[in-house]
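I have placed the structure first, in the form of C-alpha cells, so that the comments after it can refer back to it.
The values are calculated or read from the model by the stated rules, or taken from the named source; none is laboratory data. Keep in mind it's a predicted model, so treat the numbers as computed, not measured. Counting neighbours? That spans all protein chains shown, and the Cβs are built from the backbone with ideal geometry, glycine included.
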Amino acid sequence: MARCANCKKQPADQKTAVRIVEKGSRHTRELPYCSERCKQAIHFFVRSHNQELPRLKNMLMVWALIFLGTLLVQFISGNPLLIDIVIPALVAFVGLVLIIYPSGLMDLKYYERLGIKWFSLYVRITGLILVGVAATTMLPAY
Ligand SMILES: [Zn+2]
C-alpha cells in the first residue's frame, strides 16, 4: 500500500487529486494521504508550491545578477569589502528565502520521496544553517 505523501509514516488508502505546476504547466496528480490533517497539508502545500514557483524564479534571476555584478565590480576595483559583505548577504538571503518559501523549491517528486512535511522541514533547516553561517562570516574576525 502507498504511504501518505505528507507524513510518509502511515499507509494511505485514499487519494486526493491536486492541480500542481510541473515544468511550466498545471498537471492533475493523485496523492495518497492517511488522515484529514495530512490531506489539508497536501492541499496547502500545492497552493504554496504553485504560488512560490514563479516568485522563486524571479528571485533567482535578481540574485544571479547581483552575484555576477559583485564579482565583476570586485574584479575591476579589487575592493575586498564587496566580497566580504555582499556574498554573505546573498547567502543569508538564500537562507531566508528557504525559510519563507520552502514549498516552491523543487519538483513535487522530491517532496513526495521524503514526505512533503519532512522535505519542507529540511529545506527550512538548511535555510537556518545558511543564515547562521552568513551571520558568523559577517561578524568581525576578532
Ligand atoms: Zn499522513
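Residue-wise test of (1) of a type in the set (A, V, I, L, M, F, W, C); (2) at pLDDT below 90.
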position: Gln10; (1), (2): no, no
position: Gln14; (1), (2): no, no
position: Glu22; (1), (2): no, yes
position: Glu30; (1), (2): no, no
position: Ser35; (1), (2): no, no
position: Phe75; (1), (2): yes, yes
position: Val86; (1), (2): yes, yes
position: Arg113; (1), (2): no, no
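Residues in region 61-117 that are within 15 Å of Val46 (Cα to Cα), of a type in the set (Lys, Arg) and without any contact (Cβ under 8 Å) to a residue 60 or more places away in the chain: Lys109 alone.
Of the residues making up region 1-29, those that are under 17 Å from Arg47 (Cβ atoms), more than 13 Å from the ligand (Cβ to nearest atom) and either touching a residue at least 24 places away in the same chain (Cβ under 8 Å) or not small (Gly, Ala, Ser) (or both) are Val18, Arg19, Ile20, Val21, Glu22, Arg26, His27, Thr28, Arg29. Scanning region 34-45 for residues that are touching a residue at least 40 places away in the same chain (Cβ under 8 Å) and more than 8 Å from the ligand (Cβ to nearest atom) yields a total of 2.
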